[in-house]
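*Asks:* Below is a structure I'd like to ask you about.
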Amino acid sequence: MDYILIKYVHFIGVFAVVGSLFAEAILVKPRMTRAELFFLSKVDGVYGIGALVAVAAGLLLWFGVGKPAGFYTQNWIFLTKVGLFSTVGLLSIWPTVFFLKMRKGDPEEVVSIPGLIRLMVRVEVALLVVIPALAVLMANGIGVY
């Protein structure tokens, strides 16, 4: 039962990450009001919480319940998946800091969003799209050393 519950929580975290990151990619524009940035920072907060939930449940699945840790650790596809998710997380730091800083002030003031911020969000989405394919391969035992 623990395995099923933790796996469910892991999926909820993953869905929060995917949904909020796709929302960010759609919402971010070259010019935004501070009110829009305030809303975007809330969406980014959902992304952060979802990522923490997904990572915590993932670590429990890896080292706590279910399959032995070696099933995951000895699978290069799983390690690639973890590496991509970590990369997505690292790429999200600068946009998150930018959204948090720029949301303060007059809500009607328009702020220019650097192209690199918008690109980073889109690269995060592109990398995130690959992760489920890796998860399916890994879950079927492909990639074991």
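The values are calculated or read from the model by the stated rules, or taken from the named source; none is laboratory data. Remember, it's a predicted structure, so these values are computed and weren't measured experimentally. Reconstructed Cβ throughout: ideal geometry from the backbone, glycine too, with neighbour counts over all protein chains shown.
*Asks:* Picking from Val88, Val130, which residue would you name as being modelled with pLDDT of 95 or more, within 16 Å of Ser20 (Cβ to Cβ), part of a helix (DSSP H, G or I) and among the β-branched types (Val, Ile, Thr)? So that I can check it myself, show each step before the final result.
*Replies:* On the way: Val130 fails: within 16 Å of Ser20 (Cβ to Cβ).
Of the residues listed, the single one that is modelled with pLDDT of 95 or more, within 16 Å of Ser20 (Cβ to Cβ), part of a helix (DSSP H, G or I) and among the β-branched types (Val, Ile, Thr) is Val88.
*Asks:* If you don't mind, there's one more thing I want to ask. How many residues, within the stretch 88-116, are hydrophobic (A, V, I, L, M, F, W, C), under 19 Å from Leu134 (Cβ atoms) and surrounded by 14 or more Cβ atoms within 10 Å (Cβ to Cβ)? Quick ask: steps written out before the conclusion?
*Replies:* Residues of the stretch 88-116 hydrophobic (A, V, I, L, M, F, W, C): 88, 90-91, 93-94, 97-100, 102, 110-111, 113, 116.
Keeping just the survivors that are under 19 Å from Leu134 (Cβ atoms) gives 88, 90-91.
Filter again for surrounded by 14 or more Cβ atoms within 10 Å (Cβ to Cβ), leaving 88, 91.
Final tally of qualifying residues: 2.
*Asks:* Continuing with the same structure: If you check every pair at least six apart or on different chains, which have Cβ atoms under 7 Å apart with a residue in the stretch 125-145 that is farther than 16 Å from Gly58 by Cα first and a residue that is hydroxyl-bearing (Ser, Thr, Tyr) second?
*Replies:* Within 7 Å, the pairs are Leu127/Thr87.
*Asks:* Which of the residues spanning the stretch 77-87 are exposed (fewer than 13 other Cβ atoms within 10 Å of the Cβ) and either more than 20 Å from the chain's Cα centre (by Cα) or in contact (Cβ under 8 Å) with a residue 24 or more places away in the chain (or both)?
*Replies:* Of everything in the stretch 77-87, nothing turns out to be exposed (fewer than 13 other Cβ atoms within 10 Å of the Cβ) and either more than 20 Å from the chain's Cα centre (by Cα) or in contact (Cβ under 8 Å) with a residue 24 or more places away in the chain (or both).
*Asks:* May I ask you to list the residues in the stretch 92-114 that are under 14 Å from Glu24 (Cα atoms), in contact (Cβ under 8 Å) with a residue 24 or more places away in the chain and assigned to a helix (DSSP H, G or I)?
*Replies:* If the condition is that a residue be under 14 Å from Glu24 (Cα atoms), in contact (Cβ under 8 Å) with a residue 24 or more places away in the chain and assigned to a helix (DSSP H, G or I), then Trp94, Pro95, Thr96, Phe99, Leu100 are the ones that fit.
*Asks:* Another question, then. Yes or no: Val46 buried (at least 17 other Cβ atoms within 10 Å of the Cβ), of a type in the set (A, V, I, L, M, F, W, C), in a helix (DSSP H, G or I) and touching a Gly at 6+ places or on another chain (Cβ under 9 Å)? Before you say what the answer is, go through the steps one by one.
*Replies:* Values: buried (at least 17 other Cβ atoms within 10 Å of the Cβ): no; of a type in the set (A, V, I, L, M, F, W, C): yes; in a helix (DSSP H, G or I): yes; touching a Gly at 6+ places or on another chain (Cβ under 9 Å): yes.
For Val46, the condition - buried (at least 17 other Cβ atoms within 10 Å of the Cβ), of a type in the set (A, V, I, L, M, F, W, C), in a helix (DSSP H, G or I) and touching a Gly at 6+ places or on another chain (Cβ under 9 Å) - is not met.
*Asks:* If you scan the stretch 5-32, which residues turn out to be surrounded by fewer than 17 Cβ atoms within 10 Å (Cβ to Cβ) and not in a helix (DSSP H, G or I)?
*Replies:* Across the stretch 5-32, the qualifying residues are Lys29, Pro30, Arg31.
*Asks:* Here is a follow-up. Quick one: would you say Asp2 is buried (at least 19 other Cβ atoms within 10 Å of the Cβ), farther than 18 Å from Val130 by Cβ and charged (D, E, K, R)? Explain how you work it out, then say what you get.
*Replies:* On the way: buried (at least 19 other Cβ atoms within 10 Å of the Cβ): no; farther than 18 Å from Val130 by Cβ: yes; charged (D, E, K, R): yes.
Judged against the criteria, Asp2 is not a match.
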